[in-house]
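These notes are about the structure you will find just below.
The values are calculated or read from the model by the stated rules, or taken from the named source; none is laboratory data. Bear in mind the structure is a predicted one, so any value in this text is a computation, not a measurement. Every residue, glycine as well, gets a Cβ built from its backbone with ideal geometry; the counts of neighbours run over all protein chains shown.
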């Protein structure tokens, strides 16, 4: 070996190849590194397969996987073959070296360097473009499955008279094929041109012919293919006009043909198709003519035609034919758009009735009686009272309730449906006393119990709190016995490992109770291979070696209802609000799911994320959309997720939806028939909020069916902002049992209001029958207001300016309490509209909302009272009995009743003062400032009556009467002073 360094007397260092042992070690490490990388990639695939198998939806995983693999290999191979074949052909058609110019000869060093590796370079290039194309094509698995499984809609578009399925299922696939063809042709053209240049077939700077005959023919064919594809694109663009979006004065997101499309763009696309086809023939003819002259002329003609016919001519038609009389020209197309949009969003059967908005009767007693039957006024706002649930029913810091509770229907003691506010007591890891891996994932694994309260009444301890029908830990009340452990919920986002050696905390009440999961949910971790896969997939090495995992251990993850439904049905769009229902002894999460498309001809598009947002929308309650822009939507599936074992069931709901039929063909056996829905579950199904919000947004314009009126926008509405919320946002729809003018009984409904565009007064009221068990389920009713009626914002403004409200708010100052407005409910009543709004206070010694007041508005009158009954009495001017107080006929008109005098009146006043003082003391203990304020007012009134009852001087009883009055005044004053000296908010003296 050669010497390196060292002199005659220095050390000699021998440098050579590594020893056999070192080479073996390096090879071993390399193999292990490759195996480790392969296992990391495999772990994600394996854990996904295990999860889908655990929820019994492995067919979804395999169908999706094989579809992606098939598309990857087919289109990857096609792209690789197309590019590789053209590179090989260009190399095969290269001229001999002797014919090369000096320009090509200067490239000898590149050719020489490539010569020994030509095959490998060719394979590398084709493999690279194949991988990219295959990966892109695999993302089109939905498009492919809809194309091969498409079911006819049974409806044809009004322009080309093709079934809607062509636009929804076929056209997207044709566009993908066209785009792939363009990509393959362009890449092949670039690769062939570079190869021809490298091997002398093309010249740039050298004199003489710029291309050999072979190169000319080859590139001409590729250009001919490109122009042929352009001809196909022009032809498909004709049909694309039916689903094209454009800006139009009549409405945002206009979709479909307009006058200029039908009379300019459509014939222009047909002409350009013909020109492109002729141009393609000229390029192919170059194989025989060996000249670029005619193809170049043809291509130039096509470009010029695209500018003149495809751009300039439509602009001239729009400017000189359409704009001078746009309304008349566009009327037929507006009508088509209206009909298609109303059908695509299922609002074509909406019933629109004129409604005066003014009361049809002056009989206050009748109005008061009608108000009792008009609605079940929900004074417990699910958007406000969650903190009250949290404070009164949380029980432990490691439990939590959702920020917004849900509204459902449950039977009362008499077997009658009652609106109920419900929330689940879910696990909150942030509240665990000591955070560590064992506590987070093994000990604290689940929530416990459903908490429910009546929506129309309040509790008494403390006053104004929710009136719980199911409460405690474990819960008890009006619900039948049910499984209370909640392993799957909206707030349960972490993974848990259950069923093994480590015991779980069940709940703490009179001692700590432990449990071990008995369900069959989750994936088994009993074998080391699964543990290793999850350790890698979750980046948690302790899963591999922890002693807390053993025989029977199972890992639970993907635990939110929306997450699970989206995973087992990736072709569905998921509603933003999953809600719980106690059904057949289990808590079931109900998830509404939609089928959508953006390929419904002539139907205007909407953006789901924007349309479904309101003042209460959060990330947790946002719609989960695969396609954000849609122009067709159906609530086609009702899904359930068991809160204990996570079992997912998909039930067919819309039996006529062609999109659902298409997906059921693609994924057979995943959706169960509608007839299989248990009756007890059916009693809790309801009309979904997100669909309702999409429909109400469309109905702001599409309630108008007259094209001229639609174009002018004179009757356009808007969804008002939520006047009760400090944050901006549309008013949310409200679930409410309500009786519409044409109904004989209350129906569980979803309601909302509209205002005229740009104005605050009420434009219309909308309600949909939300009870899934009703024969009228899904029936939309619109009451179009024909007179000027206060809108929600105006009612709220009047309420804020009300003297009683102003005093109530003033009295809250300095008490660390704040006022919170609940849902402003709108109820049609005897030709007018009744507004009801619960008002809560929060802060001070009680940091959660308690109902203190109820506001009501009808006609021009707005009142602010202590309870719903008092508010209804006051707004209609009646007594508790429901009748108008009779007039006092013992006094002349215009005089007032003189105060009562005498010993009996004095005794009565003193007794009333004593009673008022006692009530005030009790109210102080309960921190009920409304009751305390009323007691103070009663005390003041009693003292005034006592003073007034004192006999005049000179009367027989003047001395004794005076003494009694003085004693009453002094006693009342002492008691009032005593009360005022207590630690209480400054607002207490006025009911704040």
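I'd like to verify a number: residues in the stretch 88-115 that are assigned to a helix (DSSP H, G or I) and either at pLDDT below 65 or surrounded by 20 or more Cβ atoms within 10 Å (Cβ to Cβ) (or both), how many?
Within the stretch 88-115, residues that are assigned to a helix (DSSP H, G or I) and either at pLDDT below 65 or surrounded by 20 or more Cβ atoms within 10 Å (Cβ to Cβ) (or both) number 16.
Which of the residues that make up the stretch 537-594 are in a loop (DSSP other than H, G, I, E, B), under 19 Å from residue 488 (Cβ atoms) and in contact with a helix residue (DSSP H, G or I) (Cβ under 6 Å, 6 or more places away or on another chain)?
558, 575, 576, 577, 578, 584, listed by residue number.
Might you check whether a residue that is outside the structural domain of residue 589 (by TED's automatic domain parsing), surrounded by 17 or more Cβ atoms within 10 Å (Cβ to Cβ) and over 32 Å from the mean Cα position of the chain (by Cα) occurs anywhere in the stretch 371-392?
Checked the stretch 371-392: at least one residue is outside the structural domain of residue 589 (by TED's automatic domain parsing), surrounded by 17 or more Cβ atoms within 10 Å (Cβ to Cβ) and over 32 Å from the mean Cα position of the chain (by Cα).
Which one of the conditions (1) modelled with pLDDT of 90 or more; (2) under 19 Å from residue 247 (Cα atoms) does residue 318 fail to meet, given that it meets all the rest?
The one condition residue 318 does not meet is (1).
Take the residues in the stretch 828-858 that are at pLDDT below 90 and part of a loop (DSSP other than H, G, I, E, B), then tell me which one is surrounded by the fewest Cβ atoms within 10 Å (Cβ to Cβ).
Only one residue tops the list, namely 845.
Any residue at all in the stretch 169-176 that is within 47 Å of the chain's Cα centre (by Cα) and buried (at least 22 other Cβ atoms within 10 Å of the Cβ)?
yes
Is it true that some residue in the stretch 464-473 is within 18 Å of residue 427 (Cα to Cα), at pLDDT below 95 and not in a loop (DSSP other than H, G, I, E, B)?
First, the residues of the stretch 464-473 that are within 18 Å of residue 427 (Cα to Cα): 471-473.
Still in the list and also at pLDDT below 95: 471-473.
Now narrow it down to the ones that are not in a loop (DSSP other than H, G, I, E, B): 471.
Yes, some residue in the stretch 464-473 is within 18 Å of residue 427 (Cα to Cα), at pLDDT below 95 and not in a loop (DSSP other than H, G, I, E, B).
Does the stretch 816-827 contain any residue that is part of a helix (DSSP H, G or I), at pLDDT 85 or above, closer than 30 Å to residue 363 by Cα and assigned by TED's automatic domain parsing to the domain that holds residue 739?
no
Select, from 304, 308, 294, the only residue that is assigned to a helix (DSSP H, G or I), in contact with a helix residue (DSSP H, G or I) (Cβ under 7 Å, 6 or more places away or on another chain), over 29 Å from residue 251 (Cβ atoms) and not assigned by TED's automatic domain parsing to the domain that holds residue 458. Spell out how you get there, then give the answer.
Values: 304 fails: in contact with a helix residue (DSSP H, G or I) (Cβ under 7 Å, 6 or more places away or on another chain); 308 fails: in contact with a helix residue (DSSP H, G or I) (Cβ under 7 Å, 6 or more places away or on another chain).
None of the others qualify; the one that does is 294.
Could you tell me which numbered condition residue 311 fails, if it satisfies all but one of (1) within 30 Å of residue 598 (Cβ to Cβ); (2) out of contact with any strand residue (DSSP E or B) (no Cβ under 9 Å at 6 or more places or on another chain); (3) modelled with pLDDT of 90 or more?
(3)
Working carefully through the options 728, 714, find the one that is surrounded by fewer than 21 Cβ atoms within 10 Å (Cβ to Cβ), touching a strand residue (DSSP E or B) at 6+ places or on another chain (Cβ under 7 Å), at negative phi and part of a loop (DSSP other than H, G, I, E, B). Show your work before the answer.
Details: 714 fails: touching a strand residue (DSSP E or B) at 6+ places or on another chain (Cβ under 7 Å).
Step by step, each of 728, 714 is checked, and only 728 is surrounded by fewer than 21 Cβ atoms within 10 Å (Cβ to Cβ), touching a strand residue (DSSP E or B) at 6+ places or on another chain (Cβ under 7 Å), at negative phi and part of a loop (DSSP other than H, G, I, E, B).
Out of (1) over 19 Å from residue 443 (Cβ atoms); (2) in contact with a helix residue (DSSP H, G or I) (Cβ under 8 Å, 6 or more places away or on another chain), what's the single condition that is false for residue 529?
The failed condition is (2).
Consider the stretch 555-580. How many of its residues are surrounded by fewer than 24 Cβ atoms within 10 Å (Cβ to Cβ) and within 22 Å of residue 482 (Cα to Cα)?
Counting residues in the stretch 555-580 that are surrounded by fewer than 24 Cβ atoms within 10 Å (Cβ to Cβ) and within 22 Å of residue 482 (Cα to Cα) gives 1.
What number of residues within the stretch 263-295 are modelled with pLDDT of 90 or more and surrounded by fewer than 21 Cβ atoms within 10 Å (Cβ to Cβ)?
Summing the residues that are modelled with pLDDT of 90 or more and surrounded by fewer than 21 Cβ atoms within 10 Å (Cβ to Cβ) in the stretch 263-295 gives 10.
So if I check each of 746, 796, which one is within 18 Å of residue 857 (Cβ to Cβ) and outside the structural domain of residue 677 (by TED's automatic domain parsing)? Walk me through how you get there before you give the answer.
On the way: 746 fails: within 18 Å of residue 857 (Cβ to Cβ).
Within the list 746, 796, the selection yields 796.
Identify all residues within the stretch 811-837 that are over 18 Å from residue 876 (Cβ atoms) and touching a helix residue (DSSP H, G or I) at 6+ places or on another chain (Cβ under 8 Å); write none if there are none.
Taking the stretch 811-837 and keeping what is over 18 Å from residue 876 (Cβ atoms), we get 811-824.
811, 812, 813, 814, 815, 817, 818, 819, 821, 824, listed by residue number.
Among the residues of the stretch 217-227, are any at pLDDT below 90, more than 13 Å from residue 193 (Cβ to Cβ) and not in a helix (DSSP H, G or I)?
Within the stretch 217-227 (the criterion being at pLDDT below 90, more than 13 Å from residue 193 (Cβ to Cβ) and not in a helix (DSSP H, G or I)), the answer is no, since none of the residues qualifies.
Quick one: how many residues across the stretch 487-514 are touching a strand residue (DSSP E or B) at 6+ places or on another chain (Cβ under 7 Å), within 20 Å of residue 400 (Cα to Cα) and not in a loop (DSSP other than H, G, I, E, B)?
So the count comes out to 8.
Looking only at the stretch 769-789, filter to residues that are in contact with a helix residue (DSSP H, G or I) (Cβ under 9 Å, 6 or more places away or on another chain) and part of a strand (DSSP E or B); which one of those is nearest to residue 705 (Cα to Cα)?
Only one residue tops the list, namely 782.
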